[in-house]
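Single-structure report; data block below.
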Amino acid sequence: RYEPTWGSLDARPLPAWFDEAKFGVFIHWGIFSVPSFGSEWFWWYWQKEKREPYVKFMEANYPPGFSYEDFGPLFTAEFFDPNQWADILKASGAKYVVLTSKHHEGFTLWGSKYSWNWNAVDVGPKRDLVAELATSVRNRTDLHFGLYHSLFEWFNRLFLEDATNAFKTRKFPTSKSLPELYEIVTKYQPEIIWSDGDGNAPDTYWNSTGFLAWLYNDSPVRDTVVTNDRWGAGSICTHGGFYTCSDRYNPGHLLPHKWENCMTIDRSSWGYRRDARLGDYLAIEDLVKQLAETVSCGGNLLMNIGPTHDGRIAVVFEERLRQVGAWLKVNGEAIYGTKPWRAQNDTVTAGVWYTFSPKEGKVNAIFLNWPVSGTLELGEPRAKLGETQVKLAGYKELLKWVALGEKGMVIALPQLTPQQLPCQWGWTLQLTDVN
């Protein structure tokens, strides 16, 4: 059994499925999806920081005295079709999904008995959105279902009172935050608990170690659940399950501990923005690059989309997810279930990232630019004459190659028209019998 101490909890082995999965989809959905302007931090930027664009937006479009709570009934979700969402998630090639069950605004997407009249069953859609998505994902896909949960809430009076007392009192975690966590785990049995928003309070205030000990010892998901590292001030990148270290974390080198790169397709927001322009969205080439870099350095990629207040996944997000899925259909062997190789990226040619498939004993070289010369030089593999074989994923014939001294090789790529290429962005060379 695990003790409620970091020493004991950090020694728990991460369930194997998480490292094998490599790719997940993050979904930021909540009341902030109604104004859908600027950022999911809309309430804070408007009311607390009084940032000019937010103040002006409200003055121009809403009557005087309109409060953030008034957005609640406008969060309608009338087009939310959980089966359609599940089908898009499946088509993306993702192996897990993480839904924001509650963001820093405190609104819960399930009918929490600890969030009276500020939840999706009492206000707005009048539906248990968490339950509906969980059911569809489990019925229609093999994705692992996970939930994001914010520990703190910007404007909750109990939290603000505790903060004023320098967190010597613990009214908010004992009456709100912790009961919610136990509630979502018992009710929805998520296999990922993605914690966030410590409000600068220490893990002792949140009783994070007490909750995690229960989660790992006695909860219905004790054997399969994975957690992140955001459990109180100072715990990020230090304690918990996998490390996130920061948003959009992509170190570019191997880390000794399992980590995740959580990033957004919309460069500047996690929630949906009606004011976003095409250039604000990462192109598929950028997403393939992020995936290759992240996995080669031992990380998982968690790619975020923000649905609309009426429950739609915007077509631009759907297209990107389906494009990643199309790429993974061809190159998935270089991603799923791989381990980092001795070199993460190539020393001679830029834009080449390595992974290793332990079952097949294959080294995968993912290259992001198709060379004009028709030959690709790799500085890292040590090829063996008569033994090493080189294949292009999605292409039948073996490729010709020559060794360069002790280390390195030049590979002749097939002469293909754009239509004949196995995929359009990023390609994989599979090398067998290289040292």
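The values are calculated or read from the model by the stated rules, or taken from the named source; none is laboratory data. A quick note: this is a predicted structure, and the numbers were derived from the prediction, not measured. Cβ atoms come from the backbone with ideal geometry, glycine included; neighbour counts cover every protein chain shown. These accessible areas exclude ligands, DNA and RNA; they are computed on the full protein's heavy atoms, side chains included. Shrake-Rupley method; radii C 1.70, N 1.55, O 1.52, S 1.80 Å.
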Looking only at residues that are closer than 19 Å to Arg322 by Cα and in a loop (DSSP other than H, G, I, E, B) in the range 271-282, which one is most open to solvent (accessible area, probe 1.4 Å)? Tyr272
Suppose we filter the range 26-66 for residues that are open to solvent by 50 Å² or more (accessible area, probe 1.4 Å) and within 24 Å of the chain's Cα centre (by Cα); how many remain? 2
Complete set of residues in the range 154-188 that are in contact with a helix residue (DSSP H, G or I) (Cβ under 8 Å, 6 or more places away or on another chain) and on the phi > 0 side of the Ramachandran plot: Phe167
Is there a residue in the range 127-134 that is within 27 Å of Thr204 (Cβ to Cβ), assigned by the TED database to the domain that holds Ser67, at pLDDT 95 or above and among the basic types (Lys, Arg)? no
Selected residue [in a loop (DSSP other than H, G, I, E, B), assigned by the TED database to the domain that holds Glu180 and under 26 Å from Arg138 (Cα atoms)] from Lys50, Lys90, Lys113: Lys113
Go through the range 329-361 residue by residue and tally those that are open to solvent by 10 Å² or more (accessible area, probe 1.4 Å), of a type in the set (A, V, I, L, M) and within 22 Å of the chain's Cα centre (by Cα). 1
Within the range 242-260, is even one residue of a type in the set (Asp, Glu), surrounded by 15 or more Cβ atoms within 10 Å (Cβ to Cβ), within 13 Å of the chain's Cα centre (by Cα) and farther than 28 Å from Asn165 by Cβ? yes
Starting from the range 68-82, keep only residues that are in contact (Cβ under 8 Å) with a residue 40 or more places away in the chain, then list their pairs with residues that are open to solvent by 10 Å² or more (accessible area, probe 1.4 Å) and of a type in the set (A, V, I, L, M) whose Cβ atoms are within a distance under 8 Å, requiring at least 6 positions of separation or different chains. Phe71/Val34; Gly72/Val123; Pro73/Val123; Leu74/Val34; Phe75/Val34; Phe75/Val123
Which of the residues belonging to the range 402-418 are within 19 Å of Gly361 (Cα to Cα) and open to solvent by less than 50 Å² (accessible area, probe 1.4 Å)? Gly408, Met409
Within the range 283-321, the residues that are assigned to a loop (DSSP other than H, G, I, E, B) and either among the charged types (D, E, K, R) or buried (at least 18 other Cβ atoms within 10 Å of the Cβ) (or both) are Cys297, Gly298, Gly306, Pro307, Thr308, His309, Asp310, Gly311, Arg312, Ile313, Ala314
Restrict the check to the range 248-270 and report whether at least one residue is part of a loop (DSSP other than H, G, I, E, B), charged (D, E, K, R) and farther than 23 Å from Pro15 by Cα. yes
Positions within the range 362-391 being closer than 12 Å to Thr432 by Cβ and open to solvent by 30 Å² or more (accessible area, probe 1.4 Å), in sequence order: Lys362, Lys384, Glu387, Gln389, Lys391
Inside the range 1-14, the number of residues satisfying the requirement of being part of a loop (DSSP other than H, G, I, E, B) and open to solvent by less than 20 Å² (accessible area, probe 1.4 Å) is 0
Please state which of the following conditions Thr135 fails to meet, knowing it meets all the rest: (1) without any contact (Cβ under 8 Å) to a residue 60 or more places away in the chain; (2) over 16 Å from Leu109 (Cβ atoms); (3) hydroxyl-bearing (Ser, Thr, Tyr); (4) open to solvent by 10 Å² or more (accessible area, probe 1.4 Å). (2)
Options Asp87, Asp142, Asp128; residue that is among the acidic types (Asp, Glu) and either open to solvent by less than 30 Å² (accessible area, probe 1.4 Å) or free of Cβ contacts under 8 Å to residues at least 40 places away in the same chain (or both): Asp128
From the options Thr227, Thr294, Thr204, Thr308, residue that is more than 15 Å from Ile193 (Cβ to Cβ), in contact (Cβ under 8 Å) with a residue 24 or more places away in the chain, among the β-branched types (Val, Ile, Thr) and in contact with a strand residue (DSSP E or B) (Cβ under 8 Å, 6 or more places away or on another chain): Thr294
